Amino acid sequence: MRILGIDPGSRTTGYGVIETQGNRLRHIDNGIIATKATAPLADRLKTIYDGVTRIIAEFGPEVVAVEQVFLAKNPQAALVLGHARGTAMLAAVNGGLPVHEYSALQVKSAVVGYGRADKSQVQQMVKALLNLPEIAQEDAADALGVAICHAHSRTLNHALARTGR
């Protein structure tokens, strides 16, 4: 199964594409969709939408996993982040893909084994799990972590379904 992970942001949206082969994870691609910080919000959202649409067309994922909005001290920042997240989800749904959401705690637990892990620990584990030659850029590493979280969650949910739990 090919999974597109997204770490949404209004200035930088990270993406990571992985493939599951049995219990193995294979890295396909990762990177960022960068917007111009001085551009109006609507233009930045269009850049995110177009970027996610392009990635879906290029890599053909079967599912999209998106990180949920964290609790922010600044309500305006949380609102803008919510717009970016919604835009990425809309691009996925318009591409005919199912969308799954995961909290930062779930992602860190799935990748590092500890929900309070810091960003550098997530980056190191993503590098190790996907056998990357170098650590991915922070937003891209977070997106790969979201994709890995979905891969692990999917496997666990499938196993539980087979046992009737």
Practice item. Would you tally the residues in segment 60-82 being at pLDDT 95 or above and surrounded by fewer than 16 Cβ atoms within 10 Å (Cβ to Cβ)? Key: 2
Check your understanding: When you look at residue 122, is it in contact with a strand residue (DSSP E or B) (Cβ under 9 Å, 6 or more places away or on another chain) and either within 23 Å of residue 2 (Cα to Cα) or among the basic types (Lys, Arg) (or both), yes or no?
Key -> no
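Please specify each residue of segment 131-145 satisfying the condition of being open to solvent by 30 Å² or more (accessible area, probe 1.4 Å) and in a loop (DSSP other than H, G, I, E, B). Break it down into steps so the answer makes sense when it comes.
Step one: of segment 131-145, the residues open to solvent by 30 Å² or more (accessible area, probe 1.4 Å) are 131, 133-135, 137-139.
Correct list: 131, 133, 134, 135, 137.
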Review point. Picking from 33, 48, 56, which residue would you name as being more than 18 Å from residue 136 (Cβ to Cβ) and touching a Gly at 6+ places or on another chain (Cβ under 6 Å)?
Key: 56
Check your understanding: So, in segment 41-70, of the ones that are closer than 19 Å to residue 153 by Cβ and acidic (Asp, Glu), which residue ends up nearest to the chain's Cα centre (by Cα)?
Key -> 67
Practice item. Being under 16 Å from residue 149 (Cβ atoms) and open to solvent by less than 20 Å² (accessible area, probe 1.4 Å) narrows it down to one of 9, 14, 31, so name that one. Key: 14
Review point. For segment 1-16, how many residues meet the condition of being in contact with an Asp or Glu (Cβ under 7 Å, 6 or more places away or on another chain) and in a loop (DSSP other than H, G, I, E, B)?
Key: 3
Practice item. Could you name every one of the helices (runs of 4 or more DSSP H) located completely within segment 17-130 that has at least 1 residues being of a type outside the set (Lys, Arg), touching a Cys at 6+ places or on another chain (Cβ under 8 Å) and without any contact (Cβ under 8 Å) to a residue 40 or more places away in the chain? Key: 104-111
Point to revise | Residues of segment 98-119 classified as farther than 18 Å from residue 14 by Cα, open to solvent by 20 Å² or more (accessible area, probe 1.4 Å) and more than 14 Å from the chain's Cα centre (by Cα), total | key: 5
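The values are calculated or read from the model by the stated rules, or taken from the named source; none is laboratory data. The shown structure was predicted, so the numbers you read here are calculated from the model rather than taken from an experiment. Ideal geometry is used to build each Cβ from the backbone, glycine not excepted, and the neighbour counts take in all protein chains shown. Quick note on the areas: whole protein, heavy atoms, side chains included, nothing else; ligands and nucleic acids left out. Shrake-Rupley method; radii C 1.70, N 1.55, O 1.52, S 1.80 Å.
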